[in-house]
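Undergrad: Have a look at the structure that comes next, please.
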Amino acid sequence: MKDQIETIETKTRKKIRTTGADAVMRSLIHEGVEIIFGYPGGAIMPVYDALMDHSDKIKHILTRHEQGAIHAAQGYARVTGKVGVVMATSGPGATNLITGIADAMVDSTPIVCITGQVTAPLLGTDAFQETDVIGISMPVTKWNYLITKPEEIPEIFAQAFFIARSGRPGPVLIDIAKNAQFGEFDFEYRKCVKIRSYVPKPVVKPEKVRQAAELINKAKKPYILFGQGVILGNAEDEFRAFVEKSGIPAAWTILGACALPKKHPLNMGMLGMHGNYATNIKTNECDLLIAVGMRFDDRVTGDLKRYAPQAKVIHLEIDRAEINKNVKADVAVLGDVKESLPMLTKLIEKRDHSAWIKEFKEAEKIEYEKVIKNDLYPRKEGLTMGEVIRILNEKTHGDVIVVTDVGQHQMITSRYFEFRNKRSFVTSGGLGTMGFGLPAAHGAKIGAPDKEVVLIVGDGGLQMTIQELGTINQTQAAIKIILMNNKDLGMVRQWQEMFFEKRYSETYLLNPDFIKVAEGFGIKGKKVLHRPELDTAIQEMLDYKGPYFLEVNIEKEDNVLPMVPAGASVSEVVLEHKK
Amino acid sequence: MSLDNRKNGERRQNYTISAFSENHIGLLNRITIIFTRRHVNIESLTVSASAIKGIHKFTIVVNDTREKVDKVVRQIEKLVEVLKAYYHTDDEVIYQEIALYKIPTKALIEGDDLEKTIRKHNARILEVRPEYTVIEKTGYKEDYMALFEELRKYGVLQFTSSGRVAVTRSSKELLATYLKEAGELTAEYENN
Ligand SMILES: Cc1ncc(C[n+]2csc(CCOP(=O)(O)OP(=O)(O)O)c2C)c(N)n1
């Protein structure tokens, strides 16, 4: 029988006598880790001590809260495609990571979390700061492991990185008992290349590709839906080639946003609850849906019973458990889209679907008149989130990395920002985690220091992780923060207005003076109250060399439309709400 | 096309799920979480060795629709330590459960009808002590519950039954075939 785990030798073949804590650092270096986001404490102190001996190779960013550390690692991972690494102590340190781990799990972000644990003999005794982190994190990790002996460290780290980054990526947690950090052993590192029980990528079956191509070549009104799978597979180019040869209109889930440039002539816009009008209604008019690296989330499909009943479905997907989970596939092409898309492109006929695309464009005109125009060029006095994004487009031409928090500003940003580059959008999709934005933007800037990183955040979400302004001041990472301040939990207020008879239960926020807060953290800030100041203020922000905080006073009663109300069908997307 | 198993009124029935794994602590927990999260009740669960050295087998019985079971099995198979998972209806497997009954020995001595009952049910006596006797019965649930009903009148002091153990009707362990094929090519995966 073959070995359960296959490894390969790394450059340094000599064994080194060292401690577990030092082995942790050496293992990270072997995995190419350059940055750790973390927060120290009793149970992880030996590792923090060892960190000092390797500071030439690994940098550590001390956040102000462990949640800040994991969201930063997520932002870093999303823009770089590398594994984000997080370190925290036992008990409260580890439990503070859970929200971010859950977020990374549902959004398939490669993360390795390293947490300290009480010394092995004390496990299960309710020792000081002991929590069952393995138990707590089990449902929200791709894999986790409790290390109780130093000898386990290299092998488990090698597996952790392999699992986190391969196949459908995800978060992995390694809990290390303190005795394993202190203990000495002979360190040697071998990279993990295979685990017998784990199949990261199914091999693409040419037969399935052929069946898919047949359906595509026969279709009259085919429609491509794409998601983050394209980005995770580094398959933006392959995807674009497929779209262009097929001539098929394409629409994206929120996490797929930057997989195809917004202005590409075949990009029809965003799907789902706060997506575009045409993209939603055409779902129920097409004759073939080609889903590429997306998972038919309920925010995308609305009522499943009335979701594209007329259409045949092709599903290109790496994760077998996603096939037929929500929407039944007539042809499922399992595998990495990086491999399956070129195979498919080869077999499809070059087509022009301009009559069908014209139908999209006509629906788009309706949306433009009813919604977009008023969002982007408002005639009322109050400022809208849409016009802020419009000016940002005009000034950056989409050539920045955009990070958002969660709420109305997130949907407005997705709808209107003109994404141009690969990996240029970071947002919390599946979990919708408020407080994600600020730390994630910081992590994104650390991962892409040469890119301009702009955070769009609401006043509610900002205050969930506002302490990270302190971290940003310490690193001086030059992120540009635009606070869309509507003095409300905007998205919840919108639901109350539309579906709860305007009963505004607990959505008003009495906010601090944010500019003073930013300045208190050492970050330059400016507040915009009126339209004439907006343009120059955004320019000033972009021109500024360091981190910058721009607060924009947004009209309170703005709603994000169109909307597929919860439980409605995609064809019931509404364009207006009578006040 | 949309999927909704309740609407289709799809039939619920017993399924025996067999999941094969590398031995790892905590895996049982990871597996059961998959069921609890989806509100699927586990009727019985047995962890045992398999015919292949070093590989463990989880035998889980659930009563649900094929569609739901199919989804659960895919999630189980997705777990890093799980090699492969299968599910079968009752006619696709040969299965047994075992039941133990403890009754007062007095009942055995006073009259011969208890002995007849034991014979009739193909049960056997495991141990006789002055105070109690332990009877064992292997079979399907209906069988050992029928015996239980009959033993009632003697006063059953203790009763317990095991989870299901099952083998498939195919000649070899399905996993063995899988591993053999995967030996060269782990990524070769049976498409849905
Ligand atoms: C941690 C967390 N708590 C609660 C929610 C529910 N929620 C979704 S959007 C929203 C309002 C967000 O308000 P704000 O940050 O001001 O952004 P806006 O919608 O006004 O743009 C809330 C409370 C959430 N998504 N995450």
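Laboratory data are not the source of any read-out in this text; all were calculated from the coordinates shown. Everything numeric here is computed off the predicted structure, so don't read it as measured data. Cβ coordinates were reconstructed from backbone atoms using ideal geometry, including for glycine residues, and neighbour counts include every protein chain displayed.
Undergrad: Fewest first, what order do A:F360, A:F128 take by the number of other Cβ atoms within 10 Å? All intermediate terms of the calculation are to be shown ahead of the outcome.
TA: On the way: A:F360 23, A:F128 11.
So the ranking, lowest neighbour count to highest, is A:F128, A:F360.
Undergrad: Evaluate the charge dipole of chain A about its Cα centre and quote only its size in Debye, nearest 20, assuming +1 on the Cβ of each Lys and Arg and -1 on the Cβ of each Asp and Glu. Let's see the in-between values first.
TA: On the way: 74 positive and 73 negative charges, 308 e Å.
With Lys and Arg at +1 and Asp and Glu at -1, about 1480 debye.
Undergrad: Follow-up. Please give the length that would be gained between B:K153 and B:I42 if that part of the chain were fully extended, namely 0.36 nm times their separation in residues minus their C-alpha to C-alpha distance (nm, one decimal). List each step's numbers first, then the result.
TA: Values: separation 111, 0.36 × 111 = 39.96 nm, distance 3.10 nm.
So the chain would gain 36.9 nm between B:K153 and B:I42.
Undergrad: With the cut-off at 1.5 for a/c, could you classify the protein assembly as shown from its C-alpha gyration tensor as rounded, prolate or oblate? Kindly include the intermediate steps, with their values, before the conclusion.
TA: Numbers: a/c = 1.90, a/b = 1.47, b/c = 1.30.
It is prolate, given that a/c is not under 1.5 and a/b is the larger ratio.
Undergrad: Something else now. Across peptide B:77-89, how many C-beta atoms of other chains are within 10 Å of each residue C-beta, on average?
TA: Mean partner shielding for this stretch: 4.
Undergrad: Enumerate the amide H contacts of A:T7 below 5 Å, restricted to partners 5 or more residues apart or on another chain; note that Pro and chain-start residues carry no placed amide H.
TA: Residues meeting the criterion, in which the H sits 1.01 Å from N, are A:V193.
Undergrad: Which order do the peptides B:16-29, A:73-86, A:21-34 take when ranked by the mean count of other beta-carbon atoms within 10 Å per residue, highest first? If you can, show how the numbers build up before the last one.
TA: Details: B:16-29: 18.6, A:73-86: 26.3, A:21-34: 21.3.
Descending mean neighbour count gives A:73-86, A:21-34, B:16-29.
Undergrad: Please report the relative contact order for the stretch A:445-487, taking Cα pairs under 8 Å with a sequence separation of at least 6, and give it as a percent rounded to a whole number.
TA: Relative contact order of the stretch A:445-487: 59 percent.
Undergrad: With an 8 Å Cα cut-off and a minimum separation of 6 or more residues, compute the relative contact order for the stretch A:19-63 in percent.
TA: Once normalised by length, the contact order is 54 percent.
Undergrad: Taking the stretch B:94-165 as the region of interest, what is the percent of Cα-Cα pairs per 5 angstrom bin, listed from the shortest bin to the one with the maximum distance?
TA: For the stretch B:94-165, the binned pair fractions read 3, 17, 32, 27, 13, 6, 2, 0 percent.
Undergrad: Next question, about the same structure. Please arrange A:I163, A:I348, A:I8 by how many other C-beta atoms lie within 10 Å of their C-beta, fewest to most. Intermediate results must be reported in sequence, preceding the final value.
TA: Details: A:I163 25, A:I348 20, A:I8 10.
Going from sparsest to densest Cβ surroundings: A:I8, A:I348, A:I163.
Undergrad: Beta carbons within 10 angstrom, averaged per residue: use that to sort the peptides A:43-49, A:112-118, highest first.
TA: The most tightly packed comes first, giving A:112-118, A:43-49.
Undergrad: Is the shape of the stretch A:5-195 rounded, prolate or oblate, going by the alpha carbon gyration tensor and its root eigenvalues a ≥ b ≥ c, with a/c under 1.5 for rounded and a/b larger than b/c for prolate? Could you put the intermediate results ahead of the total?
TA: Values: a/c = 1.35, a/b = 1.05, b/c = 1.28.
Verdict is rounded for the stretch A:5-195.
Undergrad: Run the helix sum for chain A: -39,500 (n - 2.57) per DSSP H stretch of 4+ residues, divided by residue count, reported at 222 nm to the nearest 500 deg cm²/dmol. Provide the component values of the computation, followed by the final result.
TA: On the way: 24 runs with 213 residues, N = 579.
It comes out at -10500 deg cm²/dmol, rounded to the nearest 500.
Undergrad: Sketch the reach of a paramagnetic label on B:T138 as a point 7 Å from Cα along Cα-to-Cβ, and name the residues of the stretch B:45-64 whose backbone nitrogen lies under 20 Å away.
TA: Counting backbone N atoms under 20 Å from the label point, the list is B:45-52, B:57-61.
Undergrad: Quote the relative contact order of chain A in percent (integer), defining contacts as alpha-carbon pairs under 8 Å separated by 6+ residues. Numbers along the way, then the final one.
TA: Numbers: 1326 pairs, mean separation 84.4, N = 579.
After rounding, I find 15 percent.
Undergrad: Just list whichever of A:K445/A:K545; A:K422/A:K527; A:K201/A:K282; A:K205/B:K68; A:K245/A:K365 have alpha carbons separated by over 21 Å in the model shown.
TA: On the way: A:K445/A:K545 13 Å; A:K422/A:K527 31 Å; A:K201/A:K282 32 Å; A:K205/B:K68 26 Å; A:K245/A:K365 26 Å.
Where the Cα-Cα span goes over 21 Å, the pairs concerned are A:K422/A:K527; A:K201/A:K282; A:K205/B:K68; A:K245/A:K365.
Undergrad: Tell me, what is the FRET efficiency for A:K370 and A:N421 to the nearest 0.05, using R0 = 30 angstrom and their Cβ-Cβ distance as r? The partial results should precede the final answer.
TA: Working: r = 30 Å, r/R0 = 1.01.
Here the calculated transfer efficiency is 0.50.
Undergrad: Here's something else I'd like to know. Per residue of the stretch A:368-379, what does 6.51 cos²θ - 1.76 cosθ + 1.60 with θ = phi - 60° give for ³J(HN,Hα)? Whole Hz please, x for Gly and Pro, Karplus curve as stated.
TA: Going residue by residue, I get 4, 5, 7, 10, 4, 3, 6, 6, 8, 10, x, 9 Hz, with x marking Gly and Pro.
Undergrad: While we're looking at this one, here's another question. Determine the calculated [θ] at 222 nm for chain B from helices alone, applying -39500 (n - 2.57) to every DSSP H run no shorter than 4 residues and normalising by the residue count; nearest 500 deg cm²/dmol.
TA: Values: 6 runs with 57 residues, N = 192.
Dividing the helical sum by the residues of chain B leaves -8500 deg cm²/dmol.
Undergrad: Go ahead and run the numbers for FRET between A:F182 and A:E34, Cβ-Cβ distance against an R0 of 25 Å, rounding to 0.05. Before the final figure, lay out the partial values.
TA: Numbers: r = 26 Å, r/R0 = 1.04.
That gives a FRET efficiency of 0.45.
Undergrad: Sequence-distant or interchain residues sharing an amide H contact under 5 Å with A:I176, placed H: which?
TA: A:T115, A:G116, A:Q117, A:I147
Undergrad: Next question, about the same structure. Going by C-beta contacts inside 10 Å, put A:W252, A:W356, A:W495 in order with the fewest on the left.
TA: Going from sparsest to densest Cβ surroundings: A:W495, A:W356, A:W252.
Undergrad: Looking at the stretch A:499-579, which GluC sites (Glu not before Pro) are in a loop (DSSP not H, G, I, E or B) and have at most 12 other Cβ atoms within 10 Å? Mind showing how you got there, number by number?
TA: Numbers: sites: A:E501, A:E506, A:E519, A:E533, A:E540, A:E551, A:E555, A:E557, A:E572, A:E576; in loops: A:E501, A:E506, A:E555, A:E557, A:E576.
For GluC sites (Glu not before Pro) across the stretch A:499-579 that sit outside H, G, I, E and B with at most 12 neighbouring Cβ atoms in 10 Å, the list reads A:E501, A:E506, A:E576.
Undergrad: Averaged over A:194-205, how many beta carbons belonging to a partner chain fall within 10 Å of each residue's beta carbon?
TA: Numbers: counts 2, 4, 8, 13, 8, 10, 3, 2, 6, 6, 2, 4.
Mean inter-chain Cβ contacts per residue within 10 Å come to 6.
Undergrad: Which residues among the stretch A:384-400 fall inside the zone where the amide N is under 17 Å from a point 7 Å beyond the Cα of A:L575, along Cα→Cβ?
TA: none
Undergrad: Using amide H atoms built 1.01 Å from N in the peptide plane, name the residues 5+ places from A:V403, or on other chains, whose amide H lies under 5 Å from its own.
TA: Distant-sequence amide H within range of A:V403: A:V426, A:V454, A:L455, A:I456.
Undergrad: How far apart, in nm, are the 7 Å Cα→Cβ label points at A:S55 and A:E6?
TA: My value for the distance between the label points is 4.2 nm.
Undergrad: Per-residue mean of other chain beta-carbon atoms within 10 angstrom of the beta-carbon, peptide A:452-462? Before the final figure, lay out each step's value.
TA: Values: counts 0, 0, 0, 0, 0, 0, 0, 0, 0, 0, 0.
So the per-residue partner count for this stretch is 0.
Undergrad: Compute the long axis of helix A:490-499 from its Cα atoms, compare it with the longest principal axis of the Cα atoms of chain A, and write down the angle in degrees, 0 to 90, nearest 10.
TA: 50
Undergrad: Another question about this same structure. If we count every other residue with Cβ under 12 angstrom of B:E131's Cβ, Lys/Arg +1 and Asp/Glu -1, where does the sum land? Intermediate results must be reported in sequence, preceding the final value.
TA: Numbers: positive: B:K102, B:K106, B:R129; negative: B:E127.
Taking every Cβ under 12 Å from that of B:E131, the sum is +2.
Undergrad: Further question on the same structure: Please list 3J(HN,Hα) in residue order for the stretch A:525-536, calculated via the Karplus relation 6.51 cos²θ - 1.76 cosθ + 1.60 where θ = phi - 60°; whole Hz, with x for glycine and proline.
TA: Going residue by residue, I get x, 8, 10, 10, 9, 10, 4, x, 8, 4, 4, 5 Hz, with x marking Gly and Pro.
Undergrad: Compute the separation of the alpha-carbon centres of the stretch B:103-124 and the stretch A:316-338 and state it in Å as a whole number.
TA: A separation of 58 Å, based on Cα centres.
Undergrad: In whole Hz and in residue order, list the ³J(HN,Hα) couplings for the stretch A:146-153 that follow from phi through the Karplus curve 6.51 cos²θ - 1.76 cosθ + 1.60, θ = phi - 60°; x for Gly and Pro.
TA: For the stretch A:146-153, the Karplus-derived couplings read 9, 8, 10, 10, x, 4, 6, 4 Hz, x marking Gly and Pro.
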